Amino acid sequence: MTESPLNIPVYEGSMVSLRSSVPSIARLRQVTDLAKRKIEPEPKWKNGQLESKYQCLACNSYLKFPIQFEDCGHHVCSNCLPDIMRIAPRCPSCQQPISRDKIVNDKILQKEIQNLNVYCSNQDKGCDWKGILKDFPVHIEKCGFLSFECVNGCGGRFEKRFLTKHQTEDCPKRKVICEFCKTNIIFEDEIPHLNICTEFKIPCPNKCSNQEFKRGQIQNHLENECPKQALSCPFTECGCEYRGQRLDITKHIKESPGLHLNIAGKTISIQKKLLQTFEECMNEQKKWIELLAKKVNALEKTYGAQYIWKIDHYQERLQDARSNKKTTLFSPPFLTSRHGYRLALAICLDGDGKAKGKYISLFICICRGDYDALLSWPFSHHVTFTLLDQCEDIDNRRPIIYSVKPNACKENKPFLGRPVTERNASFGAQKFTDVETMTSFEYIKDDTIFIKVEIDNEEMIII
């Protein structure tokens, strides 16, 4: 609790200075919700019922930090006052208008109320505390008969004196530790947990002995140790159909060496013929693969949906760009396929437009080609630019990649439409990468850089 400038107490953050020279309606609205009395246990009064002079005219509870209206003499709680002043500045009892300059803190009445004789509100439950109202809040904090909800979330309500025992011993939502794997679990989940706990010991399913094994180790026991585990003969793949317990398998192998040797020999003979046939097929496939590889390599060297542009004399070209001697470089034209789009790359080593001096700008443009009449327009295929890292350790290369998806709208026809001149306007990445990044890693090596461009041809018409 704090005191306002006129010694009117502010309770639970609910009061504002009512005699401020510049009253603020917005400020009063802000505290409206806070003005509601915090729900607290009410004490039992020694005389059975609280006298009316000690009751708040607004909330009907006992007056907390009473405020008196000088004009009519009535009282309300300090934390009920903001709502009264906001809704209608009238006394709740006599409806007489309230003046902000005639509201006072009644400390004498406050002291009188705080010294009223009371009993604990939990008297009906068995609490025998009694005292004065001033000491009631301290008692109620410690009262063992006050009810609380279980913090474990089980939904139960218990008196404070029983709450600790419930939460540690009886609550189905309490945390317990699995005695086998030491994992924290909820008590009501203990049985389902034990059904899957890898450290919980269980007997062998084959009942080979009285020994118990950890659930996580039982599979290893069955596969490698259990004498009663049913197994197939090791020569099953050769045709032996015998199946029995581990001990019987050992006896079966010792008693049937001739049988196993005979079927093993037949199996080896069959496998040898199959391997010979397989080897012949592999050799035939190898010849076809080599032939196809040669054809693919030949096509990739001449045509394809990707192109790598080698730019040498990088420093000289960069100086030309900075001095505006030659700001833009164009690559040789390339085709997306044998009869596909004819494209070219354009690069501004010192940036273009707003990116000048800060970034490298990289673009692509559509050039007029011999097969344009057969292609789909406007151009709408995904384009990916890559600045290649020339680090000798391939695993440590960090290429810079930038993708562009053309928007085939009417406004972009000068960029994506069928060329009517030698080449269209360029489009791409004005801020492909900043100039400082070029000196990082090994993008520049032997005064040379490599730019790779890939065109997505998944939906492209191949003529």
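The table that follows gives values for the structure above.
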{"read-out": "Among residues of segment 362-391, those that are part of a strand (DSSP E or B) and aromatic (F, W, Y), counted", "value": "2"}
{"read-out": "Test: R418 is touching a residue at least 40 places away in the same chain (Cβ under 8 Å), closer than 24 Å to Y314 by Cβ and out of contact with any strand residue (DSSP E or B) (no Cβ under 6 Å at 6 or more places or on another chain)", "value": "no"}
{"read-out": "Options C409, C391, C348; residue that is modelled with pLDDT under 95, under 15 Å from I449 (Cβ atoms) and either over 40 Å from the mean Cα position of the chain (by Cα) or in the same structural domain as F450 (by TED's automatic domain parsing) (or both)", "value": "C391"}
{"read-out": "Any hit, segment 54-61, residues being loosely packed, with under 15 Cβ neighbours inside 10 Å, within 46 Å of the chain's Cα centre (by Cα) and either part of a loop (DSSP other than H, G, I, E, B) or at pLDDT 85 or above (or both)", "value": "no"}
{"read-out": "Lone unmet requirement of (1) modelled with pLDDT of 85 or more; (2) of a type in the set (A, V, I, L, M); (3) farther than 15 Å from Q55 by Cα for L116", "value": "(3)"}
{"read-out": "Test: residue in segment 41-54 that is farther than 21 Å from D135 by Cα and touching a Ser or Thr at 6+ places or on another chain (Cβ under 7 Å)", "value": "no"}
{"read-out": "Qualifying residue in segment 444-461 (condition: assigned to a loop (DSSP other than H, G, I, E, B), surrounded by fewer than 18 Cβ atoms within 10 Å (Cβ to Cβ), of a type in the set (V, I, T) and outside the structural domain of L343 (by TED's automatic domain parsing))", "value": "yes"}
{"read-out": "Selection within segment 322-361 - crowded, with 21+ Cβ neighbours inside 10 Å, not in a strand (DSSP E or B) and not charged (D, E, K, R)", "value": "T336, G340, Y341, L349, G351"}
{"read-out": "Filter result (crowded, with 22+ Cβ neighbours inside 10 Å and touching a helix residue (DSSP H, G or I) at 6+ places or on another chain (Cβ under 9 Å)) within segment 78-87", "value": "N79, C80, L81, P82"}
{"read-out": "Residue match in segment 267-290 (condition: surrounded by 14 or more Cβ atoms within 10 Å (Cβ to Cβ) and either more than 45 Å from the chain's Cα centre (by Cα) or not basic (K, R) (or both))", "value": "yes"}
{"read-out": "Members of segment 96-130 that are free of Cβ contacts under 8 Å to residues at least 24 places away in the same chain and touching a helix residue (DSSP H, G or I) at 6+ places or on another chain (Cβ under 7 Å)", "value": "Q114, N115, W129"}
{"read-out": "Single match in S337, S331 (criterion: under 23 Å from N457 (Cβ atoms) and modelled with pLDDT of 95 or more)", "value": "S331"}
{"read-out": "Sole residue being outside any helix (DSSP H, G or I) and without any contact (Cβ under 8 Å) to a residue 40 or more places away in the chain, chosen from E237, E241", "value": "E241"}
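The values are calculated or read from the model by the stated rules, or taken from the named source; none is laboratory data. Quick caveat: nothing in here was measured; it's all calculated off a predicted structure. Glycine gets a Cβ as well: all are built from the backbone with ideal geometry, and neighbour counts include every protein chain shown.
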